[in-house]
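The values are calculated or read from the model by the stated rules, or taken from the named source; none is laboratory data. A quick note: this is a predicted structure, and the numbers were derived from the prediction, not measured. Reconstructed Cβ throughout: ideal geometry from the backbone, glycine too, with neighbour counts over all protein chains shown.
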Amino acid sequence: MTNPRKARVERATKESKVLVDLTLDGTGVISVETGVPFFDHMISQLGKHSGFDLTVKTEGDVDVDSHHTVEDTSLAFGQALREALGDKSGIRRFGNALVPLDEVLVQAAVDLSGRPYLVHRQPEIVELIGTFDTTLGRHIWESIVAEARIGLHIRVLEGRNAHHVLEAQFKAVAQAFKDAVALDARTSGIPSTKGVL
């Protein structure tokens, strides 16, 4: 490929310092260090199962809590995804997946539309997985969607175990991303009647 689809995003605030290096046409080579172990595990799932090469390095105020680190990393990932896609010429644009993880079943659908919109449905789950605040799960998707400017639907169709409920979402979204960012030989130019995405 003459123009590799990749992006490097650096984001610094008083609360965190984030580096995200993303290559869409990768092989699932992942390195994630945010200081929030469960979040590292989830972002690693997102990179691995989408087939991206992904490096994430975040230094944040985790002594306060993990909110700023998780939010700022998610925003930077969303920005990197948007930038790596460029003008989106030749992509499939839409992707969807139905992913099981033991008792959990998650459906995810994505539109790389240029318009941020999230629909997120999951059952009530415990508030903590270890020290990770599970209410951040939805906020991760909100942050990615806002910066990537994509439409994303996530529905947990079955599930009890909180770890499985969150992990299956990341795997399902990863599979949907894998489809949506793929280059399609039958797609000429921008996949939209508007001519832009």
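Looking only at residues of the range 117-137 that are among the charged types (D, E, K, R) and outside any loop (DSSP other than H, G, I, E, B), we find that the one that is surrounded by the most Cβ atoms within 10 Å (Cβ to Cβ) is Asp133. The one condition from (1) of a type in the set (D, E, K, R); (2) in a loop (DSSP other than H, G, I, E, B); (3) in contact (Cβ under 8 Å) with a residue 40 or more places away in the chain that Lys14 does not meet is (3).
For first residues located in the range 97-117 and within 12 Å of Arg160 (Cα to Cα), partners that are of a type in the set (Val, Ile, Thr) and modelled with pLDDT under 95 and lie 6+ apart or on another chain with Cβ distances below 9 Å do not occur.
Counting just the residues of the range 7-25 that are within 15 Å of the chain's Cα centre (by Cα) and closer than 13 Å to Phe52 by Cα, which one comes out surrounded by the fewest Cβ atoms within 10 Å (Cβ to Cβ)? Step by step, filter the range 7-25, then rank; the result is Asp21.
Residue count for the range 27-55 satisfying the condition of being touching a strand residue (DSSP E or B) at 6+ places or on another chain (Cβ under 8 Å), modelled with pLDDT of 95 or more and outside any helix (DSSP H, G or I): 12. For the range 176-185, the set of residues classified as over 12 Å from Ile154 (Cα atoms) and either at pLDDT 95 or above or in contact with a helix residue (DSSP H, G or I) (Cβ under 6 Å, 6 or more places away or on another chain) (or both) consists of Phe177, Lys178, Asp179, Ala180, Val181, Ala182, Leu183, listed by residue number. The residue that is nearest to Thr23 (Cα to Cα), counting only those in the range 151-175 that are in a loop (DSSP other than H, G, I, E, B) and out of contact with any helix residue (DSSP H, G or I) (no Cβ under 8 Å at 6 or more places or on another chain), is Asn161. Please determine, by comparing only the residues of the range 68-113 that are among the β-branched types (Val, Ile, Thr) and over 19 Å from Ser192 (Cα atoms), which one is surrounded by the fewest Cβ atoms within 10 Å (Cβ to Cβ). Only one residue fits best here, namely Val99. Reported count of residues in the range 45-65, each being out of contact with any helix residue (DSSP H, G or I) (no Cβ under 7 Å at 6 or more places or on another chain) and of a type outside the set (D, E, K, R), is 4.
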